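S.K.: After the structure tokens below, expect a handful of questions from me.
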Amino acid sequence: MDATPGSLRGMEQEIRTCLDQKQYREAFDRLLPEFQNKVFRLAYAMLGEAGAAEDMAQDVFVRIWRALPGYRGQSSLSTWIYAITRNACLSALRKVGVRREVSMEEPGVARAAEATGLEAGGDAGIDVLRFLKQLPDRHQQVLRLYYLEEKSYEEVARLLEWPMGTVKVYLHRARKELAEAVARGKI
């Protein structure tokens with residue numbers, strides 16, 4: 001997000017107030033500038049093309065506009081918007097038949113993964129987006145949420161509706177694959 005956590009909570013509360021009063025246009029007018037960049041960045045990270053990400057962001061905001069009357073507040077607004085974006089991107093990827101399979105069972109690479117790290121905007125010379133595209137979808141999702149979106153293990157598990165152990169295993173395997181790719185010089 002472009003806002004600090006405290007200001008984001010305040011913005012979400014203002015938007016929820018508008019929604020409670022059935023002021024959907026006002027709610028949308030407040031959430032659009034707040035989430036526009038985040039939706040684009042997530043779509044770009046998932047789709048890998050700026051043009052496709054722009055189209056997807058527009059589509060996502062149309063979906064959000066249509067879904068606003070049904071928003072019940074069971075999750076935070078940012079989580080709800082993230083889920084809409086993620087699901088729309090995954091659907092688009094499925095439509096074009098994107099499938100990625102990478103062996104994750106190579107032993108002895110965890111130390112290299114930990115030493116290299118995977119941080120958004122890291123300046124270690126690693127093309128994170130290119131690396132992510134090589135991973136199976138489940139590993140991409142965990143890495144994006146945990147590192148790029150800076151979600152906790154608990155938030156990742158809740159967003160993906162997976163057990164905590166599954167999240168940790170997929171994250172561990174993705175780190176191993178990163179270390180292996182770095183060791184092979186493929187990143």
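The values are calculated or read from the model by the stated rules, or taken from the named source; none is laboratory data. If you're wondering where the values come from, they're calculated on a predicted model, not measured in any experiment. So basically every Cβ, Gly included, is an ideal-geometry build from the backbone, and we count neighbours across all protein chains shown.
S.K.: Within region 61-73, take every residue that is of a type outside the set (Phe, Trp, Tyr) and within 21 Å of the chain's Cα centre (by Cα) and give me the one that is surrounded by the most Cβ atoms within 10 Å (Cβ to Cβ).
M.R.: Selected residue: ILE64.
S.K.: Only residues that are at pLDDT 90 or above, of a type in the set (D, E, K, R) and exposed (fewer than 15 other Cβ atoms within 10 Å of the Cβ): list them for region 15-60, please.
M.R.: Correct list: LYS22, ARG25, ASP29, GLU54, ASP55.
S.K.: Which residues, counting only those in region 65-84, are of a type outside the set (S, T, N, Q) and assigned to a helix (DSSP H, G or I)? Give the derivation first.
M.R.: Of region 65-84, the ones of a type outside the set (S, T, N, Q) are 65-73, 77, 80-84.
Matches in region 65-84: TRP65, ARG66, ALA67, LEU68, PRO69, GLY70, LEU77, TRP80, ILE81, TYR82, ALA83, ILE84.
S.K.: Which condition breaks for GLY48 when tested against (1) within 22 Å of SER152 (Cα to Cα); (2) touching a residue at least 60 places away in the same chain (Cβ under 8 Å)?
M.R.: (1)
S.K.: If I ask for residues that are crowded, with 19+ Cβ neighbours inside 10 Å and among the charged types (D, E, K, R), which ones from region 147-175 would you list?
M.R.: Correct list: GLU149, LYS151, ARG173, ARG175.
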